[in-house]
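Okay, structure first, notes after.
The values are calculated or read from the model by the stated rules, or taken from the named source; none is laboratory data. As the structure is a computational prediction, the values presented were derived from the model and not from experiment. Heads up, the Cβs are rebuilt from the backbone with ideal geometry, glycines too, and the neighbour counts pull from every protein chain shown.
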């Protein structure tokens, strides 16, 4: 890869600097523009009557009382949308064999999870719509619910979909090397564990929200969207609502967190769009917290049986896992609910040189809310299983947990390599990251403290994880499987007549600072000050085509497009400047909004003056010069399927063995996400991710009763991690730029969430080790820790 | 999550509030701090026909010292109790417990009367009042009566309040020189409802006299552990049998589990909170 590498060393480069977010002031002043802030003329409001049962036949729906309520505009049941909405199927062809029946926005005939929308009411206000929902008389005949993934495949289990012979959705097997022989070796120690990961969900500050307008005169639909992938929404709405794609505009202004929750097609949101089209007036639907818990996608829900064989030298001889996961009644559209299990199979043990690896994944349908991709898809499971087994094995053979990693992690000087599961890895730094972590956290000091504390009856533990993260995916992630999801992104950079830069990009901002790094790259590469850059994202009508922000791809892919476009525009501007200044373009550069002499850096002409000549006084230019002060470039990853990152993390915890409560004392993360564009933003991404990892490890769980009722659908009962319980999270970086781009940036958004649970689980088990007990179930609640000890 | 339709009145004095409340035909709820009632209404678990907002009734918001007792108006907010020199001087058990009641934002709105009238078995305040031997004054349009805290709390969200009555004030005795208090709760996150909690008051600690051990968030209402109180009375708490006798008493106590801790876990944790609290009181 070649490129103008000097862009990182330019005097006015913003790349690598902790620039403050330009939009922060606006947001903290309360001037954000979220979907719920929209008030449109003739707008009406939607609410949904949802199934109170996990599985039930819908015998009859009586709307008559609700229809009489003043202010009710329309009431739709599932059948009412049949002529307006095409069914959609959440499968991907590259997940061979994955099956799922067609879905519609509202349940028809049968409801298959508690919370599934059954009837939609549209009214003059949300309160009236809710009043009307309470008046709708839906007669259900409850059916036996399939809730436990473990028994969903048993012969006497009820079958959720009549068209299938059982509840299996997908199965995949990876078999590499010779696993059986390796486990049979007489010089290996075998450790076997069963891991359980509860369901949890991404709790966004702003719930899912949509306002949909339909203009019948142009057959055009505008979808105001709180989410991450505007072009994907445009494509799927076009297909499902039978409208030309160009007649659908998807606008995502400020988004109050998404975490992968708002990147799927939800029945209630599709119904909102269909209702707007039918009623020919704007319809608003904003999910409340209660319905968010029962309808926002859930994640995890895995039971993994794993075993590892290690030689006395510490070498991993073989690794085998069996993952079972329940995904709810359907595979989510359009990304499918197969990716998380697929990731578990692909990523377990991926940091380590393992020759013999076997993994089986089984996905079953169940009568619970749908499960799909949430931040760090599959990673927390894969990392906890591999590193949980590895640390257990280290203790069995009496080897330090850092030492066993040193022996098995891929060498830093040996890339590219291919893992046992077939993942291509390049430009990683596992060994360096681990060494940096060990000195950064003062590992030896902590071990001494641990011994001293135990003498006082205090149980402290230290746990590690070495991890990889899938970032910057190529079309091999979704596009190959037939989903209308772009792996490439585009950026358009335009110079205006005042010398300011306008950038529009197809990646999106959900609060993580995307717009800031876009401005940093454009300003630095092109050569203006940050405050002269205006960034537009989140609008299919005004941005180039692209995938959006997910899978830690915004900076790496969208950022590279901005770099390429800014560079192209710079060349175009310098060409015009050369003509105006009668100089060669090679002797000119742009810096702080001025065209300068590239040798002595003195000003030749300001960009404002150049813009005025081009736009207003074109007569001053030779007639064969046709300036283009706008440039567009697109970028996709081509050389490898994914640009992996690596990290090493450690947790220090104290377990109150009498109460089962765990205090996280400190957390350290050393992350290699390639070139760091904005250290502060990257650090906060990692910290936020670690906090979500702490949530998964200790707090968050969607608790279902045996008959499929979600028991804790409120913020009082669903425990998200809170500031008071959070430790200091110390971050350090190693920068190994990816060779796939000039920018060299990999993703950083999911590392914390993916790695933290493993380190925390290992730390808790390290603390519990003197008691000869352990826990491999998340969240590690006080009661579970007490039960592990046999106290209760 | 919008509340069902309801009528709303905001009286400016107690007499008008009691007039409004004196209506047996309507389902009425009183709005104090709203920290429990508003979510319940938005979830439509509570659907009153009439909501009487007491936030304009200033005569219910006071903290008064009188002789050997402190009287607190029903509309006194937790944050006011925390800031009150009268409380910090005379009701040390409140000072110990108040920081554990939810979060600052909730304490800024939540009132003592609201907590008492709601009778949430997980709430701290009912347990504190039982431990202190408090009296709750309730009033209706026609009469005023006093009910001891021990008789006031009947079950889950169930109190001795009759039709047309509201909580007017709470009266607690001032702490005396030898009195010792303890408070401890185990929560998964700071400010959550406890997995198990205890408020303990002792007339004296060495030896133990007039001991009240009140467990909360473990059963249908805060309950005293009378068996253990009796065993410990007159003893010295360093006594090795003290904890064993508490554990024995707990086996006879009826625990009710919740999502965070089943009955067995609550029994174990109740033992832990009592042990740690008593240790802290010595």
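Taken over region B:168-195, the residue count meeting the criterion of being crowded, with 18+ Cβ neighbours inside 10 Å, more than 14 Å from chain A (Cβ to nearest Cβ) and out of contact with any helix residue (DSSP H, G or I) (no Cβ under 9 Å at 6 or more places or on another chain) is 1. Residue A:574 fulfils the conditions (1) within 13 Å of residue A:527 (Cα to Cα); (2) touching a residue at least 40 places away in the same chain (Cβ under 8 Å); (3) buried (at least 21 other Cβ atoms within 10 Å of the Cβ) except for a single criterion, (2). Given (1) in contact with a strand residue (DSSP E or B) (Cβ under 8 Å, 6 or more places away or on another chain); (2) surrounded by fewer than 16 Cβ atoms within 10 Å (Cβ to Cβ); (3) within 13 Å of chain A (Cβ to nearest Cβ), where does residue B:234 come up short, assuming only one miss? That leaves (3) as the condition not met.
Scanning region A:757-785 for residues being part of a helix (DSSP H, G or I), in contact with a helix residue (DSSP H, G or I) (Cβ under 6 Å, 6 or more places away or on another chain) and within 11 Å of another protein chain (Cβ to nearest Cβ) gives a total of 1. Answer with yes or no whether residue B:269 is farther than 18 Å from residue A:657 by Cα and either touching a helix residue (DSSP H, G or I) at 6+ places or on another chain (Cβ under 9 Å) or modelled with pLDDT of 95 or more (or both). In short, no.
Scanning region B:2-42 for residues that are at negative phi, in contact (Cβ under 8 Å) with a residue 40 or more places away in the chain and in contact with a helix residue (DSSP H, G or I) (Cβ under 7 Å, 6 or more places away or on another chain) yields a count of 15. Within region A:429-465, the only residue that satisfies the criterion of being in a strand (DSSP E or B) and under 30 Å from residue A:548 (Cβ atoms) is A:465.
Residues are listed down the side, and each one gets a yes or a no for (1) over 19 Å from residue A:13 (Cβ atoms); (2) surrounded by fewer than 19 Cβ atoms within 10 Å (Cβ to Cβ):
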site	(1), (2)
A:565	no, no
A:569	no, no
A:578	yes, yes
A:588	no, no
A:592	no, yes
A:610	yes, no
A:620	yes, yes
A:637	yes, no
A:643	yes, no
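Count of region A:588-643 residues, restricted to those that are under 27 Å from residue A:486 (Cα atoms) and in a strand (DSSP E or B), is 7.
Would you mind finding the one in A:70, A:52 that is in the same structural domain as residue A:133 (by TED's automatic domain parsing), farther than 23 Å from residue A:223 by Cα, modelled with pLDDT of 95 or more and surrounded by 14 or more Cβ atoms within 10 Å (Cβ to Cβ)? Result: A:52 is the single residue among A:70, A:52 that is in the same structural domain as residue A:133 (by TED's automatic domain parsing), farther than 23 Å from residue A:223 by Cα, modelled with pLDDT of 95 or more and surrounded by 14 or more Cβ atoms within 10 Å (Cβ to Cβ).
A single entry from A:300, A:281 fulfils the requirement of being over 17 Å from residue A:208 (Cβ atoms), more than 18 Å from the chain's Cα centre (by Cα), outside any helix (DSSP H, G or I) and touching a residue at least 40 places away in the same chain (Cβ under 8 Å): A:281. Hey, does region B:200-211 have a residue that's within 14 Å of chain A (Cβ to nearest Cβ), outside any helix (DSSP H, G or I) and free of Cβ contacts under 8 Å to residues at least 40 places away in the same chain? No, there is no match, as no residue in region B:200-211 is within 14 Å of chain A (Cβ to nearest Cβ), outside any helix (DSSP H, G or I) and free of Cβ contacts under 8 Å to residues at least 40 places away in the same chain.
Contact annotation: residue pairs with Cβ atoms under 8 Å, 6 or more positions apart or on different chains, pairing a residue in region A:161-175 that is free of Cβ contacts under 8 Å to residues at least 12 places away in the same chain with a partner that is not in a strand (DSSP E or B), are A:165/A:159.
What number of residues within region A:491-538 are assigned to a helix (DSSP H, G or I) and either within 22 Å of residue A:571 (Cβ to Cβ) or touching a strand residue (DSSP E or B) at 6+ places or on another chain (Cβ under 6 Å) (or both)?
Looking only at region A:491-538, we keep the residues that are assigned to a helix (DSSP H, G or I), and these are A:514-527, A:530-532.
Subsequent filtering for residues that are either within 22 Å of residue A:571 (Cβ to Cβ) or touching a strand residue (DSSP E or B) at 6+ places or on another chain (Cβ under 6 Å) (or both) retains A:515, A:518-527, A:530, A:532.
Matching residues across region A:491-538 total 13.
Condition test on residue A:183, is it surrounded by 14 or more Cβ atoms within 10 Å (Cβ to Cβ) and in a helix (DSSP H, G or I)? Spell out the reasoning first.
Working: surrounded by 14 or more Cβ atoms within 10 Å (Cβ to Cβ): yes; in a helix (DSSP H, G or I): yes.
Yes; evaluated as a whole, the condition is true for this residue.
Would you confirm whether or not region A:741-748 contains a residue that is within 11 Å of chain B (Cβ to nearest Cβ) and surrounded by 24 or more Cβ atoms within 10 Å (Cβ to Cβ)? No, that holds for no residue.
Looking at region A:355-400 only, could you name the residues that are part of a loop (DSSP other than H, G, I, E, B) and farther than 16 Å from residue A:696 by Cα?
We begin by selecting, within region A:355-400, every residue part of a loop (DSSP other than H, G, I, E, B); these are A:355-356, A:365-370, A:372-378, A:397-400.
Once the filter is applied, which keeps residues that are part of a loop (DSSP other than H, G, I, E, B) and farther than 16 Å from residue A:696 by Cα, region A:355-400 yields A:355, A:356, A:365, A:366, A:367, A:368, A:369, A:370, A:397, A:398, A:399, A:400.
For region B:1-112, the helices (runs of 4 or more DSSP H) that sit wholly inside it and include 2 or more residues that are closer than 30 Å to residue A:132 by Cα and more than 14 Å from chain A (Cβ to nearest Cβ) are B:14-21.
Quickly run through region B:243-265 and pick out the residues that are in a helix (DSSP H, G or I) and at the interface with another protein chain (Cβ under 9 Å from one of its Cβ atoms). I'd like the intermediate steps shown before the answer.
First, the residues of region B:243-265 that are in a helix (DSSP H, G or I): B:243-251, B:263-265.
Selection gives B:264, B:265.
Against the criterion of being part of a loop (DSSP other than H, G, I, E, B), modelled with pLDDT of 95 or more, within 22 Å of the chain's Cα centre (by Cα) and surrounded by 16 or more Cβ atoms within 10 Å (Cβ to Cβ), residue A:754 does not qualify.
Residues in region A:193-212 that are more than 27 Å from residue A:777 (Cα to Cα), under 16 Å from the mean Cα position of the chain (by Cα) and either part of a strand (DSSP E or B) or free of Cβ contacts under 8 Å to residues at least 24 places away in the same chain (or both): 0 in all.
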